[in-house]
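Please read through the structure below; I'll follow up with questions.
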Amino acid sequence: MPLRLYNTLTQEVQPFAPLNDNTVRMYTCGPTVYDFAHIGNFRTFVFFDLLRRWLRASGFKLDHVMNITDVDDKIIRNAVAQNKTLDEYTAIYTKAFLDDCAALRLEKPERLVRATEHIKEMADAIHKLEEGGYTYRSDGSVYFRIAKFKDYGKLSHNDFSGMVAGARVDVDNYDKADARDFALWKAAKPGEPAWDTEAGHGRPGWHIECSVMAIQYLGATLDLHAGGIDLVFPHHENEIAQSEALTGKPFARFWVHSEFLLVEGQKMSKSLGNFYTLRDIFARGIAPEAVRYLLASVPYRKALNFTFDGLASAKTAIERLRNFKFRLDSAKLAEGVNDKIAEHAAAALAGFRAAMDDDLNTAEALAFVFEFLRDANTALDAGEFMEGNLAGANALLDQFDAVFEVLKPTAAAGGISETDIENLIAERTAAKKARNFARSDEIRAQLLDAGVVIEDTKDGVRWKRK
Ligand code: AMP
Ligand code: ZN
């Protein structure tokens, strides 16, 4: 069976395939760079990464656009308070976000696009909406008139028929289930950074940015649009209203939403103060792979309760997988094939793929891997795992790691792992023994560059990080 995904629009699990040239045109809502992202945010970004990887494993090519929201109420407030320009302020958190994504091994979208680099296009879109009669102006701002868009509510499946016409909202975030006309363009208050466009002196609202950049790069109809579950209403409902009012075409064929990371039953969020950034986690000596594994291991449509015990179990799971891989790479195996193990490896691989095809059921996919691991480890202990079983076992691990990507350890801070240090020291000792002092000096310098000092003592070489 081919890949199936739950589509929020139809409220059904449906077979997924792109419409044209085998390329998935997808848009995901990116971060607002006003502060460090927390691991709740990263549950959503890890989900985007899993989705990307499984779409590729399903044989599709990707054209994936993600926005960076680098202008909004909070950014403006913080930048002004710190006497920084918007660019100076957002550069700090954009870099932090990208560093965190790299630490979590998240693939880069084909296009990462910044809101402030598309202001003109947004003003043009607002102008077009004005011409279509979808807007009204008030106090220098431009609002979208929701009552004019008949399909409003089709994504969140809310009935907005009793909505108060003309009620407006000015802030970027509101989550009550009442529909209100939202700002497409916000007039600048005195002292705020602003742009002068046909729409006025001010800045675009949050919703219009996603519609405009999605359509600009991917065309009127996307194959897939994804985001956190909290974005269904109002953000994605508003994106649909603006986009379909602009183009007259369906905006996205599939809408895919991931559930929250919870802490003691509540959404992890800045406002509740129950959050951890990756920096907080790393400071406790926890490796990024453990975070990645934990966030990936629960299917995206199930809420995931965050605990440090959960992180510890993730670490143990990764160690079991790495130990197994090490055994495969180093064991002396008898020639031949153990048919039962070979069959199990093939069945586990098929099971893994079927589970991922089933709306990315990562928990079930993992269960296939660990069941095989148990079986194969027992066979290894008993000397019944044979050389001809290596290919099947490695194929399963490769498939696993193409999605989860946790087998290779992250180099320690300073860029060099303990194993690499030990290997270099061993090479240096051998070079000295062979009287190749040029090479031994070179290695000492290389280690020093990586922040490692070595010391020759009568008991051998000692090293420490600077
Ligand atoms: P923001 O930077 O606030 O716009 O949020 C970025 C993304 O993180 C959005 O797609 C949110 O849906 C998502 N998000 C925020 N909090 C959580 C959470 N506790 N669990 C999962 N995703 C979240
Ligand atoms: Zn968006």
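The values are calculated or read from the model by the stated rules, or taken from the named source; none is laboratory data. Only a predicted model underlies this, so the values are computations on that prediction, with no experimental measurement involved. We place every Cβ from the backbone using ideal geometry, glycine too, and count neighbours over all the protein chains shown. Areas reflect the complete protein model, heavy atoms only, side chains present, ligands, DNA and RNA absent. Shrake-Rupley method; radii C 1.70, N 1.55, O 1.52, S 1.80 Å.
For region 377-389, indicate whether the set of residues that are under 29 Å from Tyr293 (Cβ atoms), open to solvent by 30 Å² or more (accessible area, probe 1.4 Å) and at pLDDT below 95 is non-empty.
no
Given the criteria surrounded by 15 or more Cβ atoms within 10 Å (Cβ to Cβ) and outside any helix (DSSP H, G or I), does Phe368 qualify?
no
From the set of residues in region 87-103 that are more than 22 Å from Asp401 (Cα to Cα) and crowded, with 19+ Cβ neighbours inside 10 Å, which is farthest from the chain's Cα centre (by Cα)?
Per the criteria, the residue is Tyr89.
Select, from Ala342, Ala287, Ala303, the only residue that is in contact with an Asp or Glu (Cβ under 7 Å, 6 or more places away or on another chain) and open to solvent by 20 Å² or more (accessible area, probe 1.4 Å).
Of Ala342, Ala287, Ala303, the one residue that is in contact with an Asp or Glu (Cβ under 7 Å, 6 or more places away or on another chain) and open to solvent by 20 Å² or more (accessible area, probe 1.4 Å) is Ala303.
Could you grab me the full set of residues in region 260-314 that are assigned to a helix (DSSP H, G or I) and either among the acidic types (Asp, Glu) or within 16 Å of ligand 2 (Cβ to nearest atom) (or both)?
Those that are assigned to a helix (DSSP H, G or I) and either among the acidic types (Asp, Glu) or within 16 Å of ligand 2 (Cβ to nearest atom) (or both): Asp280, Glu289, Asp309.
Does Asp172 satisfy the criteria of being modelled with pLDDT under 95, closer than 23 Å to Asn238 by Cα, touching a Phe, Trp or Tyr at 6+ places or on another chain (Cβ under 7 Å) and not assigned by TED's automatic domain parsing to the domain that holds Thr277?
Working: modelled with pLDDT under 95: yes; closer than 23 Å to Asn238 by Cα: yes; touching a Phe, Trp or Tyr at 6+ places or on another chain (Cβ under 7 Å): yes; not assigned by TED's automatic domain parsing to the domain that holds Thr277: yes.
The answer is yes for Asp172.
Of everything in region 20-53 that's more than 16 Å from ligand 2 (Cβ to nearest atom) and in a loop (DSSP other than H, G, I, E, B), which residue is most open to solvent (accessible area, probe 1.4 Å)?
Quick first cut of region 20-53, residues more than 16 Å from ligand 2 (Cβ to nearest atom) only: 20-24, 35-36, 38-40, 42-43, 46, 49-50, 52-53.
Right, trim to in a loop (DSSP other than H, G, I, E, B) and you get 20-22, 35-36.
Numbers: Asn20: 83, Asp21: 101, Asn22: 72, Asp35: 56, Phe36: 66 Å².
Checking each candidate, the answer is Asp21.
Given the conditions (1) more than 12 Å from ligand 1 (Cβ to nearest atom); (2) open to solvent by 10 Å² or more (accessible area, probe 1.4 Å); (3) in contact with a helix residue (DSSP H, G or I) (Cβ under 8 Å, 6 or more places away or on another chain), and given that Glu259 satisfies all but one, which numbered condition is not satisfied?
With respect to (1) more than 12 Å from ligand 1 (Cβ to nearest atom); (2) open to solvent by 10 Å² or more (accessible area, probe 1.4 Å); (3) in contact with a helix residue (DSSP H, G or I) (Cβ under 8 Å, 6 or more places away or on another chain), Glu259 is out only on (1).
On to the next question. Could you check how many residues of region 222-231 are away from ligand 2 (no atom under 11 Å from the Cβ) and open to solvent by less than 30 Å² (accessible area, probe 1.4 Å)?
Residues meeting the conditions: 3.
Identify, by number, the condition in (1) open to solvent by less than 10 Å² (accessible area, probe 1.4 Å); (2) not assigned by TED's automatic domain parsing to the domain that holds Ser156 that Asn238 doesn't meet.
With respect to (1) open to solvent by less than 10 Å² (accessible area, probe 1.4 Å); (2) not assigned by TED's automatic domain parsing to the domain that holds Ser156, Asn238 is out only on (2).
Continuing with this model, one more query. Being more than 16 Å from ligand 2 (Cβ to nearest atom) and surrounded by fewer than 22 Cβ atoms within 10 Å (Cβ to Cβ), is that true of even one residue in region 203-220?
yes
When you go through Lys408, Lys458 one by one, which is the residue that is closer than 22 Å to Asp99 by Cβ and either without any contact (Cβ under 8 Å) to a residue 40 or more places away in the chain or basic (Lys, Arg) (or both)?
Details: Lys458 fails: closer than 22 Å to Asp99 by Cβ.
After ruling out the rest, the residue left standing is Lys408.
Kindly list the number of the only condition in (1) open to solvent by less than 10 Å² (accessible area, probe 1.4 Å); (2) touching a helix residue (DSSP H, G or I) at 6+ places or on another chain (Cβ under 8 Å) that fails for Leu106.
(1)
Counting only residues that are on the phi > 0 side of the Ramachandran plot and at pLDDT below 85, which one in region 402-451 is surrounded by the fewest Cβ atoms within 10 Å (Cβ to Cβ)?
Of region 402-451, the ones on the phi > 0 side of the Ramachandran plot are 405, 414-415, 435, 451.
Narrowing the set further to residues that are at pLDDT below 85 leaves 414-415, 451.
Numbers: Gly414: 13, Gly415: 10, Gly451: 14.
Result: Gly415.
Tell me, please, whether a residue that is of a type in the set (A, V, I, L, M) and either outside any helix (DSSP H, G or I) or at pLDDT below 90 (or both) can be found in region 191-198.
yes
What do you reckon, is Leu246 within 15 Å of the chain's Cα centre (by Cα) and away from ligand 2 (no atom under 14 Å from the Cβ)?
Criteria not met by Leu246.
Out of all the residues in region 191-231, which are under 22 Å from Pro18 (Cβ atoms) and among the hydroxyl-bearing types (Ser, Thr, Tyr)?
Those that are under 22 Å from Pro18 (Cβ atoms) and among the hydroxyl-bearing types (Ser, Thr, Tyr): Ser211, Tyr217, Thr221.
Yes/no matrix, rows are residues, columns are (1) of a type in the set (A, V, I, L, M, F, W, C); (2) more than 20 Å from Ala220 (Cα to Cα):
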site	(1), (2)
Arg4	no, yes
Arg25	no, no
Gly30	no, no
Gly40	no, yes
Leu50	yes, yes
Arg56	no, yes
His64	no, no
Ile75	yes, yes
